[in-house]
Each structure stands twice: as structure tokens, then as C-alpha cells.
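**Q** Below you'll find the structure I mean.
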Amino acid sequence: MNVFDQVNEDMKSAMKNKEEGRLRGLRGIKSALLLAKTEKGAADILTPEKEIQVLQKLVKQRKESYDIYVQQNRKDLADAEAEEIVVIEKYLPKQMDESELRNILSGIISKIGAAGPQDMGKVMGAATKELAGKADGKMISQIVKELLSGVS
């Protein structure tokens, strides 16, 4: 079952159980997936990679909104965003921890033969392809910078 069908099933159960926060998050997912399906040039069926991309974008947006609401002391709105983040993250693959990520990135660096910071683009291209949905792009970038500065 793909993410879209799973979200529809979960929406039904959330409506039956009157889970407002969960339902709000599920509606956000469904809306974003429908928009991605109907984008100009998009196929009618979303690939699992595209679904993960859409979900990651939603989480990123929610986290940015959460930070803004916390700065503005709007606890009610921040709590709603945090609730939606939890719902959306359930549909994403398990995120790698830092040590796993370091090992994989070290392997990518040696496979590519990166010689220093000037090869950051090559490494990031390969890493984002291989680690799509499994790790945060910001964390990947930070670790790659550290590893490449120690290579030369």
C-alpha cells in the first residue's frame, strides 16, 4: 500500500476516533500528495521517492513554522505544528543516526575519490541520491564538510 492509500485509511480511523490533531496532519499530507500528483509534467502516480520528498518538505515547513511560533510566544500554534510533525514523520523512513551517517559518507567519499573541500559538490550529489529520505540534508552537508576538511 502506498503512502496516499495509507493516509486515506488513517484519515478514516482518525475521523471515527475524533483525533483532531492527527486528522489535521493527515489532511495536510493528502493535500500535498494530491498537489504533487497534479503538478505540470507529473505522472498520475507518485513514485515512493517523490512521496518521501513531499513528506520531507512538509516536515521542514512545519519545523520552520514551529520555530517562528515559539519565538513569538504562540504556544497554541507551536503545539499544533509539533503535533502535525509527529503525524507526518510516521510516514517517513527511519532517519539514520550520526554515526551510521558518518560511516556511509566516509564510504561515498572514498568511492568517489574526493580529495578535499573542492569535491563537496560531487560528494553531496552522490550522498543525496543514496541517502534520500534516510537523513536530513543539513546534517549530511555538515558531516561531509567535516570529513572533507580532514581528507586533504
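Every read-out reported here was derived from the displayed coordinates using simple, explicitly stated rules and does not represent laboratory data. Quick caveat, the model's predicted, so the values are computed rather than measured. Every residue, glycine as well, gets a Cβ built from its backbone with ideal geometry; the counts of neighbours run over all protein chains shown.
**Q** Looking for something over 22 Å from Leu131 (Cα atoms) and polar (S, T, N, Q) - is there at least one such residue anywhere in the range 37-58?
**A** yes
**Q** Hey, another quick one. Could you list all residues from the range 84-121 that are buried (at least 16 other Cβ atoms within 10 Å of the Cβ) and under 30 Å from Ser31 (Cβ atoms)?
**A** Glu84, Ile85, Val87, Ile88, Glu89, Tyr91, Leu92, Met96
**Q** Moving on. Tell me yes or no: at least one residue of the range 101-112 is more than 26 Å from Glu19 (Cα to Cα) and hydroxyl-bearing (Ser, Thr, Tyr).
**A** yes
**Q** Can you name the residue in the range 127-150 that is more than 21 Å from Leu55 (Cβ to Cβ) and surrounded by fewer than 16 Cβ atoms within 10 Å (Cβ to Cβ) and, of all such residues, is farthest from the chain's Cα centre (by Cα)?
**A** Gly150
**Q** Something else now. Looking only at the range 19-44, count every residue that is assigned to a loop (DSSP other than H, G, I, E, B) and either touching a residue at least 12 places away in the same chain (Cβ under 8 Å) or among the small types (Gly, Ala, Ser) (or both) and tell me the total.
**A** The qualifying residues number 3.
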